[in-house]
Amino acid sequence: MKSSYKLFLLLSVLSALFLASHPWKNRFSAKSHTTTPHFPPPSSMGNVLESDTSLSVPESDSLIFKETFDQARLYADFPPRISNPNKRFLLSLACGEGTPPIEGDIVISRWAGMILPDTVGPNATEYEMREDVFGYENEPEGNYPWYVNFADRHLFGAYGGPLFAQDEMQAGEHPILGCVRNFLLSKEQGDAKYLAMTREELKPTPYLIQGAQRRVAVATDRNSAEFRPHGLYGNVFARVTENCIRRATTVLTPPFLTNLIAMEAPPGGQGEYTKGTIEYILITAYTAFRAAKKLTPEGKLCVVHTGNWGTGAYGGDKILMALLQCLAARMARVDRLVYHTFAPVFSTAYQEGLNVLQQEGVAPPSETVPLPGVLETLAHKGFVWGHSDGN
């Protein structure tokens with residue numbers, strides 16, 4: 001009996017240690033707004049997500065649905081459901097008494113993974129690197145900007161919980177995104193096209209959202225003078241005081257209207273990237289960027305703002321993930337790709353990725369090259385999975 005009890009205690013301790021170190025442990029701790037997802041072990045998941053081209057569809061068949069909603073009505077009918085106290089406080093700053101009205105249309109669309117072109121044509125995309133974070137600045141009149149949401153498979157699934165990583169930060173600054181999720185959850189049982197998922201098994205299904213109100217801007221940098229010596233990003237947000245959040249938050253008057261691309265990178269692989277995984281990542285990014293290009297109004301430039309997609313909690317290779325986004329933008333005929341690197345280590349990775357892409361033998365900018373050869377070459381370059389940063 002004693003030995004059995006000791007074994008029970010040992011298994012309990014080991015289980016607790018695993019859960020404490022799990023990189024996604026905080027995303028779905030609040031069960032009030034989503035079903036708790038099941039993740040395969042992090043060491044295997046990325047290698048499981050390899051392309052199955054039979055699941056891809058022609059571009060003409062890619063649109064799953066597209067609908068327009070009044071934001072005020074959407075907010076009233078499907079209000080955000082927030083479990084974390086600090087997130088509730090942030091919502092009160094964004095949408096409480098005295099704040100600008102919730103108004104205007106929001107367009108929601110979902111897209112199925114597209115069949116990739118057979119070739120990579122000459123580059124017509126302008127690449128720009130900025131060592132900063134998304135600023136959502138006003139752009140020239142001729143630009144139509146998009147911002148990538150580093151999505152989880154469950155669209156905005158952790159918006160009400162304690163975590164404040166890139167996905168959750170966008171949902172906090174754009175409270176209507178929680179309403180979008182709640183609407184989809186109310187519809188998906190009766191119609192699978194409304195599944196609040198950016199991926200169905202091996203099929204990427206990115207969401208694009210146009211006209212979401214960004215009602216607040218939250219500073220997440222480290223600033224001791226503003227009582228956030230450790231910043232506010234990631235798991236830190238849930239541990240700070242309301243005063244800290246108030247000082248870090250600026251109410252935007254009027255709100256900024258944002259167009260978002262929600263796409264999930266493959267999470268948590270191990271060892272070298274396979275050709276299949278590289279192709280899967282490219283299908284995901286190409287589909288999302290091509291959809292953005294198709295939704296950009298005629299006469300406007302399609303400008304995509306992105307960054308270190310899939311390289312934080314998901315542990316993706318910094319160089320490869322930058323390279324594949326640049327390649328996807330080129331193939332999708334995005335007019336301009338603005339890559340926000342945040343820090344020097346990511347700037348170096350971006351520059352190296354772009355150099356590898358454009359070198360002789362891969363996809364020189366002035367040439368048309370067969371895509372299978374590009375994928376084969378990249379697979380033989382030995383890109384290796386990294387480790388989750390815990391956020």
Query raised in the report: Could you state the number of Å between the C-alpha centres of region 131-147 and region 274-343?
Result: 16 Å
Requested in this report: Specify which residue in the list Val218, Met331, Gly315 is farthest towards the positive end of the charge dipole of region 214-363, using unit charges on the beta carbon of Lys, Arg (+1) and Asp, Glu (-1), about the Cα centre.
Outcome: Val218
**Report entry** Rounded accessible area of Asp221 (nearest 10 Å², 1.4 Å probe)
**Finding:** 80 Å²
Query raised in the report: If contacts are Cα pairs under 8 angstrom and at least 6 residues apart, what is the relative contact order of region 239-377 in percent?
Result: 23 percent
Query raised in the report: Considering only DSSP beta bridges with both partners in the chain, what is the antiparallel share in %, to the nearest 5?
Result: 60 percent
Requested in this report: Estimate the FRET efficiency between Met129 and Asn243 by the formula 1/(1 + (r/R0)^6), using the beta-carbon distance for r and 35 Å for R0, to the nearest 0.05.
Outcome: 0.45
Query raised in the report: Using a simple spin-label model with points 7 Å from Cα along the Cα→Cβ vector, what separation in nm is obtained for Asp389 and Glu352?
Result: 1.6 nm
Requested in this report: Lys and Arg at +1, Asp and Glu at -1: add these up for the other residues within a Cβ distance under 12 Å of Leu337 and post the number.
Outcome: +2
Report summary line: From DSSP H assignment alone, runs of 4+ in the chain each adding -39500 (n - 2.57), the sum over residues rounded to the nearest 500 puts [θ] at 222 nm at -10500 deg cm²/dmol
Query - Relative contact order of region 140-232, pairs being alpha-carbon contacts under 8 Å that are 6 or more residues apart, as % - result: 23 percent
Query raised in the report: Could you work out Rg/(2.2 N^0.38 Å) for region 180-293, with Rg from alpha carbons only?
Result: 1.40
Report summary line: Short to long, in 10 Å steps from zero, the percent of alpha-carbon pairs of the chain per bin is 5, 23, 34, 25, 10, 3, 1, 0
Report task. For each pair in Lys293/Lys381; Lys87/Lys187; Lys293/Lys318; Lys193/Lys294; Lys203/Lys294, compute the distance between the two Cα atoms and list the pairs where it is over 23 Å. Result -> Lys293/Lys381; Lys87/Lys187; Lys293/Lys318
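The values are calculated or read from the model by the stated rules, or taken from the named source; none is laboratory data. Computed from a predicted structure; not experimentally measured. Heads up, the Cβs are rebuilt from the backbone with ideal geometry, glycines too, and the neighbour counts pull from every protein chain shown. Accessible surface areas use protein heavy atoms only, side chains included; no ligands, DNA or RNA. Shrake-Rupley method; radii C 1.70, N 1.55, O 1.52, S 1.80 Å.
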